[in-house]
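K.L.:
Okay, handing you the structure first.
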Amino acid sequence: MNISYEDICVKLGGKDILSGVTLKSLEGKIVGIVGANGCGKSTLIKTTFGIVNNHRGTVMVNGKPTKEYTPRELASMIGYVGQDQSVAFDFSVRDVVTMGLYARQDKRRGKILVDTAMVDLGVYQFADRSIQRLSGGERKMVFIARAVVQGADMFILDEPTNHLDIKHQLFVMDYLKNSGKTTVIVIHDLRLAAHYCDYLYMISDGKVYAEGAPMDVLTVENVRHVFGINGHSEITEKGILDFALFEQ
């Protein structure tokens, strides 16, 4: 399972948001997209599903343009979790997670799949509670559980660690790493990006500014240019890849 964004250009309100962005997933790996606020990271992800229309370029899944797939077909291949956590209706947590069955061909084990996902993501105790009564972090875990129920071989997630405390941030990233699924993730936390991502794309002003392994992308020069801070990725004394800030 793979996805590629080829020469993606997006204009919104007459302004260039993305200008010729090309990037691709790595099978079974986590590919991270980093950059300052407003650089176009989330916009790029939204072109996958037509939430935002690109006026040039093509999004390909398994070598075929996404526009040639039906919504159900895309949902069967890609588990998507966006930033927006608003829910207009008073669904229970179980209702929301069960929606992930929409894309599955075989729904005979539906209840087991739903229960298992809720247990794995730590939201089973909320099963009968209204989604509207959950915190932002709890909702995020519910939406990830829904994506798991879809049975897709790929995850695309936009800031999945937002609204989560550090324990649950690490839990989600460990879950994704251990899943073995092809994953594309927009992530703002550079420490998490350095530690968990196998490959990074750094976007600046709507273009890919740098790409490669975290050590090669999160350099002093790149971080200063894109984020305006002093920091870089480093190997700690325990051999762990991390990101460190230093005196400004």
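Every read-out reported here was derived from the displayed coordinates using simple, explicitly stated rules and does not represent laboratory data. Everything quoted here is computed from the prediction, not taken from an experiment. Cβ placement follows ideal geometry from the backbone for every residue including glycine, while neighbour counts extend to all protein chains displayed.
K.L.:
So, in Å, what gap is there between the alpha-carbon centers of the stretch 136-206 and the stretch 74-111?
P.N.:
Between the Cα centre of the stretch 136-206 and that of the stretch 74-111, the gap is 17 Å.
K.L.:
Can you give the net charge of the other residues whose Cβ lies under 14 Å from the Cβ of V52, counting K and R as +1 and D and E as -1?
P.N.:
+3
K.L.:
How much of the DSSP beta bridge set in the stretch 3-245 is antiparallel, as a percent to the nearest 5?
P.N.:
60 percent
K.L.:
Now, a different point. With +1 on the Cβ of every Lys and Arg and -1 on the Cβ of every Asp and Glu, and nothing else charged, how large is the dipole of the chain about its Cα centre, in debye rounded to the nearest 20?
P.N.:
880 debye
K.L.:
Based solely on its DSSP helices, what 222 nm [θ] is calculated for the chain when runs of n ≥ 4 H residues each add -39,500 (n - 2.57) and the sum is averaged over all residues, nearest 500 deg cm²/dmol?
P.N.:
Counting only the DSSP helices, I get -8500 deg cm²/dmol.
K.L.:
Which order do the peptides 29-39, 183-193 come out in when sorted by mean C-beta neighbours inside 10 angstrom, highest first?
P.N.:
Descending mean neighbour count gives 183-193, 29-39.
K.L.:
Cut-off 14 Å, label point 7 angstrom out along Cα-to-Cβ of D198: give me the residues of the stretch 135-156 whose amide nitrogen falls inside.
P.N.:
154-155
K.L.:
How long is the gain from N53 to K111 if the chain were fully straight, where each residue apart is worth 0.36 nm and the alpha carbon distance is subtracted?
P.N.:
17.3 nm
K.L.:
Another question, then. On C-alpha positions alone, give me the angle between the axis of helix 166-179 and the longest principal axis of the chain, in degrees, nearest 10.
P.N.:
80 degrees
K.L.:
While we're looking at this one, here's another question. Taking every eigenvalue of the Cα gyration tensor of the chain, multiplying by 5 and rooting it, what semi-axes result, largest first, whole Å?
P.N.:
The equivalent ellipsoid of the chain has semi-axes of 30, 23, 16 Å.
K.L.:
Roughly speaking, what is the stretch gain from I240 to H225, that is 0.36 nm per residue apart minus the C-alpha to C-alpha distance, in nm to one decimal?
P.N.:
Result: 2.9 nm gained on full extension.
K.L.:
Let me know the longest stretch in the chain that avoids all GluC sites (Glu not before Pro) found in a DSSP loop with at most 16 other C-beta atoms within 10 Å.
P.N.:
Between the exposed loop sites, the longest stretch runs 28-236.
K.L.:
Moving on. Between S92 and S130, how many nm apart are label points set 7 Å from Cα along the C-beta direction?
P.N.:
1.5 nm
K.L.:
Check which residues have an amide H placed less than 5 Å from G20's amide H, if you skip close sequence neighbours.
P.N.:
Sorted by chain and number, the residues that satisfy this are I8, C9, V10.
K.L.:
If each Cα of the stretch 1-123 is one equal point scatterer, what is log10 of I(q)/I(0) from the Debye formula at q = 0.10, 0.19, 0.23 Å⁻¹?
P.N.:
Normalising to I(0) and taking log10 leaves -0.40, -1.18, -1.37.
K.L.:
Follow-up. Could you tell me which residue out of L176, V52, I30 lies farthest along the dipole of the chain toward its positive end? Charges go on the beta carbon: Lys and Arg +1, Asp and Glu -1, centred on the Cα centre.
P.N.:
V52
K.L.:
The chain: longest stretch without exposed chymotrypsin sites (Phe, Trp or Tyr not before Pro) (DSSP loop, at most 10 other Cβ within 10 Å), sites themselves excluded?
P.N.:
Looking at the chain, 90-245 is the longest stretch - no exposed chymotrypsin sites (Phe, Trp or Tyr not before Pro) with at most 10 other Cβ atoms within 10 Å.
K.L.:
Hey, got the dipole for the stretch 156-217? About the Cα centre, +1 on K and R Cβ, -1 on D and E Cβ, debye to the nearest 20?
P.N.:
The dipole of the stretch 156-217 has a size of about 160 debye.
K.L.:
Using the Karplus curve 6.51 cos²θ - 1.76 cosθ + 1.60 with θ = phi - 60°, what ³J(HN,Hα) values do you get for each residue of the stretch 209-226, in whole Hz, with x for Gly and Pro?
P.N.:
8, 7, 8, x, 5, x, 4, 7, 8, 8, 8, 4, 5, 5, 5, 5, 5, 7
K.L.:
Also, quick follow-up: Over the stretch 45-119, what is the mean sequence separation of C-alpha contacts under 8 Å (at least six apart), divided by residue count, expressed as relative contact order in percent?
P.N.:
So the answer I get is 20 percent.
K.L.:
Which whole-number percent is the relative contact order of the chain (Cα, under 8 Å, 6+ apart)?
P.N.:
In percent, rounded to a whole number, it is 25.
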